[in-house]
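Asker: Structure below; questions to follow.
The values are calculated or read from the model by the stated rules, or taken from the named source; none is laboratory data. This one's a predicted model, so the numbers in the text were calculated from it and none came from an experiment. We place every Cβ from the backbone using ideal geometry, glycine too, and count neighbours over all the protein chains shown.
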Amino acid sequence: MEKYMAIQFIKRSTIPVTTSGKGKAATEPRVSITDRGVVVLNSLATKFLGGTKAGLGFDGGKVYLIKEDSKLIAKQPKEELLTFKPELKKAKDGSKKATGVMAYNGKDMLKTSFGDHVYDFAASGYQNFPMQADNEKGYLVFDLPKGAVQRGRLRNVRQERK
């Protein structure tokens, strides 16, 4: 008599989504803040914004990065928008190619722009945060902790896939 194995089917939606790590594909927009105050957007956040400029908004611990062409900031002068610098990687042939990631030196912004809601990036170390996109209004938003976060990377959060 043959024995058959019982194989349990695992639904794709029950597998944790990999959201960070070198060499892994981005599955959601994320922002990282280094221990020096550099704000780094991953490739999906960069693609969502569609350019190197973005408006900045803040409301009760939530930071908004607003598309340059959004109606929310239509009356803002373009020179008042944040300008992110595309990250370049040296190719084997010596040329530089964009990686899809953008960065902004936000040290002063994080210290002074949000009133008494100050994020201590130096004490927190390198942290990354998930972002939510609002396609209709044209912005990305993330929760910025007040004070310091336990040093080290935040753990990936298990999310249901779509």
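Asker: Are any of the residues in segment 68-78 touching an Asp or Glu at 6+ places or on another chain (Cβ under 6 Å) and either at negative phi or hydroxyl-bearing (Ser, Thr, Tyr) (or both)?
Answerer: Taking segment 68-78 and keeping what is touching an Asp or Glu at 6+ places or on another chain (Cβ under 6 Å), we get none.
Checked against the condition, which is being touching an Asp or Glu at 6+ places or on another chain (Cβ under 6 Å) and either at negative phi or hydroxyl-bearing (Ser, Thr, Tyr) (or both), segment 68-78 yields no hits at all.
Asker: Additional query: Check whether at least one residue in segment 113-126 is surrounded by fewer than 16 Cβ atoms within 10 Å (Cβ to Cβ) and assigned to a strand (DSSP E or B), and report yes or no.
Answerer: Looking for residues that are surrounded by fewer than 16 Cβ atoms within 10 Å (Cβ to Cβ) and assigned to a strand (DSSP E or B), one finds none in segment 113-126, hence no.
Asker: Being surrounded by fewer than 18 Cβ atoms within 10 Å (Cβ to Cβ) and either touching a residue at least 24 places away in the same chain (Cβ under 8 Å) or among the β-branched types (Val, Ile, Thr) (or both) is the filter here, so list the residues in segment 38-56 that pass it.
Answerer: Val38, Ser43, Lys47, Thr52
Asker: Filter segment 135-150 for residues that are loosely packed, with under 15 Cβ neighbours inside 10 Å and not in a loop (DSSP other than H, G, I, E, B) and give the result.
Answerer: Asp143, Gly147
Asker: Could you please give the count of residues in segment 74-112 that are under 29 Å from Thr27 (Cβ atoms), modelled with pLDDT of 85 or more, part of a loop (DSSP other than H, G, I, E, B) and more than 15 Å from the chain's Cα centre (by Cα)?
Answerer: 1
Asker: Ok, one more. Name every residue in segment 57-74 that is under 13 Å from Leu110 (Cα atoms), surrounded by fewer than 19 Cβ atoms within 10 Å (Cβ to Cβ) and either of a type in the set (A, V, I, L, M, F, W, C) or out of contact with any helix residue (DSSP H, G or I) (no Cβ under 8 Å at 6 or more places or on another chain) (or both), in order of residue number.
Answerer: Matches in segment 57-74: Phe58, Gly61, Lys62.
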